Amino acid sequence: MTTPARRLALYIHWPFCRAKCPYCDFNSHVAAEIDHTRFADAYRRELEYMAQAYGAGRRLDSIFFGGGTPSLMPAWLVEGIIADADRLFGLAPDIEITAEANPTSAEAETFTGFRAAGVNRLSLGVQSLRDEALAFLGREHSAQEALAALRTAKQTFDRLSIDLIYARQDQQLADWTGELQMALDLGLDHMSLYQLTIEPGTGFYTRARRGDILTADDGLAADMYAETNRLMRAAGLPAYEISNHARPGFECRHNMIYWQAEDWIGIGPGAHGRISNGTNRTGTATRRSPSGWLDAVEAGGHAVETLIEDGPGDAVAERLMMGLRLSDGIDMLALEAAYGDRSRLIDMSAYDQLVEAGLLTADPDRLCVTEGGRLLLNQVTSALLARLG
Ligand SMILES: C[S@@+](CC[C@H](N)C(=O)[O-])C[C@H]1O[C@@H](n2cnc3c(N)ncnc32)[C@H](O)[C@@H]1O
Ligand code: SF4
């Protein structure tokens, strides 16, 4: 059997949190009671369905437990899903298995159980190392608690990442660079650094509509972004994606599979998947509501409610949108080998203008935005795609 060139990943969505953060629009819910046995059975059934529909002969390169707050899952549930994934697909010997975790002390106690279950990478939602910012963000943990959780996580996992949110209300450039330096002093190999965004449907969105200023203004946010990139590069963790920084070799394999438009299966409430079929691509999305998802899986073995069949045009558009987020951009020779000459894939006159304007690099083998281009990514992508629309 020949091994398919595209890697395959599995995403599992755990939709529950202890409390809802006012900035967050992820599919996350606070529930008084959770029937873990029902969820375990439903994950198994949906995974069996996906393996049969999309997994033929393929091994998993990555598993990612995302949320919500997966660190609230009992370790036996995580272990059961990994065992089912092994039985149904097989796991690559060097598989990356990530779980997102919140840094409260209760959750830190579960890290050993997660490690024993097979998780080998932890993504810890520290968000800030300053107590007043954590209060502003509505987080349940203090900076001390985050640092304690981080110490436990370091002892437990070889690969560890933290999330921080910046460009917050009242934050000045020096506040942020000071906080970032504190984070760098922790000696991690991977950090996700997000600018605070105001998302419809969140508590912050309601406040912003009432006139509260919750984020830094655009000019300051752009300065913070530039300074972040400079400091991270100098520390040996350059950006490999807009918001993601790693020491070379420590990039998140799972997210690289998304950004390089490879294949992944998504299970759990509101999970998305993408599976290639030659130059076409199938997209799946499951029912978002946790109880609706459970009912649908129990009734029919899966809760896929949106199924998209993309032809080559849409598949290329997605490759461009995802790949341009990466610092290395897109391998144009591979793209042409799969989909044909570049003059049919992108708007070449827009390309020339963007190179001229310094927003794309001049390397003909890679389609790649410059640091300036990254700040205008949506416009750059739309200009390149105009011809396909
Ligand atoms: C699914 S959440 C992380 C999981 C975990 N429950 C936590 O809160 O730590 C993924 C990450 O997205 C980031 N995030 C969520 N909403 C955001 C927003 N509106 N602006 C910036 N970053 C955001 C946070 O850094 C968060 O850690
Ligand atoms: S940021 Fe994390 S803990 Fe907060 S609501 Fe979103 S998923 Fe839950």
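Quick rundown of the values:
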read-out: Farthest positive-ward along the stretch 1-54 dipole, Cα basis, beta-carbon charges - from Phe26, Ala9, Leu47; value: Ala9
read-out: Dipole magnitude (debye, nearest 20) for the stretch 331-389, charges at Cβ of Lys, Arg, Asp, Glu; value: 200
read-out: Global form of the stretch 197-306, assessed from the alpha-carbon gyration tensor, a/c cut-off 1.5; value: oblate
read-out: DSSP-defined antiparallel bridges as percent of all bridges, the chain, nearest 5; value: 40
read-out: Rounded percent of accessible protein surface that carbon and sulfur make up, the chain, 1.4 Å probe; value: 50
read-out: Average silhouette area of the stretch 331-389, convex hull of alpha-carbon atoms, in square nanometres; value: 3.7
read-out: Relative contact order of the chain, defined on C-alpha pairs under 8 angstrom at six or more residues apart (%); value: 15
read-out: Gap separating the Cα centres of the stretch 314-333 and the stretch 289-313, nearest whole Å; value: 27
read-out: Pairwise centroid distance, computed over Cα atoms, of the stretch 77-112 with the stretch 262-279, Å; value: 19
read-out: Phi-based couplings in Hz for the stretch 147-156 (Karplus 6.51, -1.76, 1.60; Gly and Pro marked x); value: 5, 5, 4, 5, 4, 4, 4, 5, 6, 9
read-out: Solvent-accessible area per residue for the stretch 8-257 (1.4 angstrom probe, square angstrom); value: 41
read-out: Contour minus Cα-Cα distance for Ala83 and Gln172 (0.36 nm per residue); value: 27.3 nm
read-out: Qualifying trypsin sites (Lys or Arg not before Pro) for the stretch 177-233 [loop in DSSP, other Cβ within 10 Å: at most 13]; value: Arg210
read-out: Derived scalar couplings ³J(HN,Hα) [the stretch 21-38; Karplus, 6.51 cos²θ - 1.76 cosθ + 1.60; whole Hz; x for Gly, Pro]; value: 6, x, 9, 9, 10, 5, 6, 10, 9, 9, 10, 5, 9, 10, 8, 5, 5, 4
read-out: For the stretch 288-389, convex hull volume per residue from C-alpha positions, Å³; value: 133
read-out: Cysteines (scope the chain) whose Cβ has no counterpart Cys Cβ under 4.7 Å; value: Cys17, Cys252, Cys368
read-out: Cα-Cα P(r), the chain, percent of pairs per 20 Å interval; value: 26, 59, 15, 0
read-out: Net charge dipole size for the chain [Lys, Arg +1 and Asp, Glu -1 on Cβ; Debye, nearest 20]; value: 380
read-out: Pairwise centroid distance, computed over Cα atoms, of the stretch 1-61 with the stretch 124-166, Å; value: 24
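The values are calculated or read from the model by the stated rules, or taken from the named source; none is laboratory data. Here the structure is a predicted model, which is why all the values come from computation and not from measurement. Don't worry about glycine lacking a Cβ; one is built from the backbone with ideal geometry, like all the others, and counts go over all protein chains shown. Remember, those area values only see protein heavy atoms, side chains included, never the ligands or the DNA or RNA. Shrake-Rupley method; radii C 1.70, N 1.55, O 1.52, S 1.80 Å.
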